Structure formats: structure tokens, C-alpha cells
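Pasting a structure below so you can have a look.
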Amino acid sequence: MKAVAIGGYTSGEKFIAGCLPSDVCVAIDNGHGDRYHTIGKCSSDGRYYEGEWSRVVAPKLKKALEEMGFNAWLVVPEKDVDVPLLERCRRANEYMKKHPDKYHIFLSLHTNAAGDKSLDKDGWCNSATGLEVYCSTRTSEASKVFAHNVYKAGVEMGLKGNRAGNDYKTANFTVITDTKMPAILTESAFHTNKADVDYLLSEKGQETVVNYHVAGVCKTFGIPYSLCVK
């Protein structure tokens, strides 16, 4: 299935027109592997591992999207292995081929890391905080709409921090360049920032991360967002 067009609200915001939630299939890519299969990607105190966090949040996001009527699936159901990036893309593209009646989008869940130039004595870089949302540099208009709406939802829910800029950003990350559908990658906060790590590990923080992604998907298809994950 293909969406009809890019529509717009009177406010000037854009959305993908022509789809109901049941028409949409969201591929949720939970980034990286666990502490034993991915080197680094963790907080300096060892409390937080990006791949383990993404495997906690991704099922919650899947459930929340399904409760809104969307179809959702996990690109990496494995609990530990860091599945190669091209394999993640292959899985998403193959799934899309098998379900041609759906409009497919790809959402990769990550957290960020700052450079080590400003690390304190405990290994934290607390000067960098907040949200970043990416789509490919050579992406479609639909991906830009998707990225903008997820970014806006995250900012509205208080995740902007000091690294979010004024909108989505672009980069040539493999999972958003080699997937054949609108695709974005989100960096919900910095695991090099102690306060961000506390937030990411908290129930409230994970609820907010789930909520802003769901709200962003809803905004992307012009669907009212009323779900509050609790």
C-alpha cells in the first residue's frame, strides 16, 4: 500500500495522508547488543548499556503502537546479539516485500555519546544532554516529515536538552540509508551524561521515550494522539 500524498495542517505542519493506523507497519530497530556482545556503548559507571536499554524500551514501544492500532514488529528479537547493520536493513526490506498491503516505516532506537574532551574525573561528559533525531542526507520527503514530527514530539515532552538544535538532523547511518522506506534514527539522550542516564533508567524516562515516539508516529500520519503510557 502507498500513502496518497503529503498533506498539511493549517499550522503548516505536514503529515503523510491516506493511511489509517491499521495500514501502517512500524519496524522498530533496537540498536546494538548487550554488554557482552557490544564493546562500549555504556555509561562510565557501568549502570547503563545502550543495547540492553533499547531491548527494554522497544517492546514497550511496540505494545503502545499496537494499542493505537498500528502494526509493529521488532527488527532484532534476539536478546543479546548485536545484529549487523546490513542484516537489520535486509530484515526490514524483506518484511516490507512480504506485506505489500501496508505502508512501512523504520524507527531505530538509540542513545547518544559525547566526545571525551570534556570528561570529568568520573568519566562523565555532563555538558551534552538531550535529543537528536536523524534521517538520511538523501532521503524522501516522507522521511523528513517523519523525522520532524518525532523531533517535535520529543521536544514537546521535555527532551530537547542542549543538543537537539531546531529540528531533525541528517546523516548517512546505514540503517536509515539502506532501508527502502521512510526511516529515522533517534538519540533520546546521552549515556555519557549522569542525569540523562538516571532518566533513561527510570520508569518515567522510559515512559516519556515511548510516548514521544508514539506521538511522533501519530503526527506523521495525521492521527490524533491520546495514549499516555503508564
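Every number here is computed from the coordinates shown, using simple stated rules; none is lab data. As the structure is a prediction and not an experimental result, all values here were calculated from the model. Using ideal geometry, Cβ is built from the backbone for each residue, glycine included, and neighbour counts are taken over all protein chains shown.
For a quick check, take a GNM of the chain with Cα springs below 10 Å and name the residue from 56, 76, 133 with the largest mean-square fluctuation.
Residue with maximal mean-square fluctuation among 56, 76, 133: 56.
If packing is taken as the mean number of other Cβ atoms within 10 Å per residue, what is the order of 61-74, 185-198, 135-148, highest first?
185-198, 135-148, 61-74
Here's a follow-up. Using alpha-carbon positions, what is the distance between the centroids of segment 118-153 and segment 183-230, in Å?
Value for the Cα centre distance between the two parts: 12 Å.
Which entries in the list 169/219; 79/169; 62/204; 62/97; 160/219 go over 24 Å, if you measure between the two C-alpha atoms of each? Kindly include the intermediate steps, with their values, before the conclusion.
On the way: 169/219 18 Å; 79/169 29 Å; 62/204 17 Å; 62/97 20 Å; 160/219 18 Å.
Check vs 24 Å cut-off fails for 79/169.
So if the hydrodynamic radius of segment 69-108 is defined as the Kirkwood radius over C-alpha pairs, what does Stokes-Einstein give as its diffusion coefficient at 4 °C and 1.567 mPa s, in µm² per second?
Translational D for this selection: 116 µm²/s.
Okay, moving on. In degrees, nearest 10, range 0 to 90: what is the angle between the Cα axis of helix 141-156 and the longest Cα principal axis of the chain?
50 degrees
Have a look at 182, 77, 100 and tell me which one the Gaussian network model of the chain (Cα, springs below 10 Å) gives the largest fluctuation.
The residue that fluctuates most here is 100.
What FRET efficiency, computed as 1/(1 + (r/R0)^6) with R0 = 30 Å and r the Cβ-Cβ distance, is obtained for residue 99 and residue 45, rounded to the nearest 0.05? List each step's numbers first, then the result.
On the way: r = 42 Å, r/R0 = 1.41.
According to the calculation, E is roughly 0.10.
Work out, step by step, the length gained on full extension between residue 198 and residue 138: first 0.36 nm times the residue separation, then minus their alpha carbon distance; give nm to one decimal.
18.1 nm
Full-extension gain between residue 5 and residue 122, please, as 0.36 nm times their residue separation minus the C-alpha to C-alpha distance.
37.0 nm
Please find the FRET efficiency linking residue 166 to residue 17, where r is the Cβ-Cβ separation and R0 is fixed at 22 Å, and quote it to the nearest 0.05. Don't skip to the answer; put the middle values down first.
Numbers: r = 25 Å, r/R0 = 1.15.
With R0 = 22 Å, the Cβ-Cβ based efficiency is 0.30.
Looking at the chain only, what percent of DSSP beta bridges run antiparallel? Nearest 5 please.
Bridges in the chain are about 30 percent antiparallel.
For the chain, modelled as a GNM with alpha-carbon contacts under 10 angstrom, which of 35, 47, 55 fluctuates the most?
47
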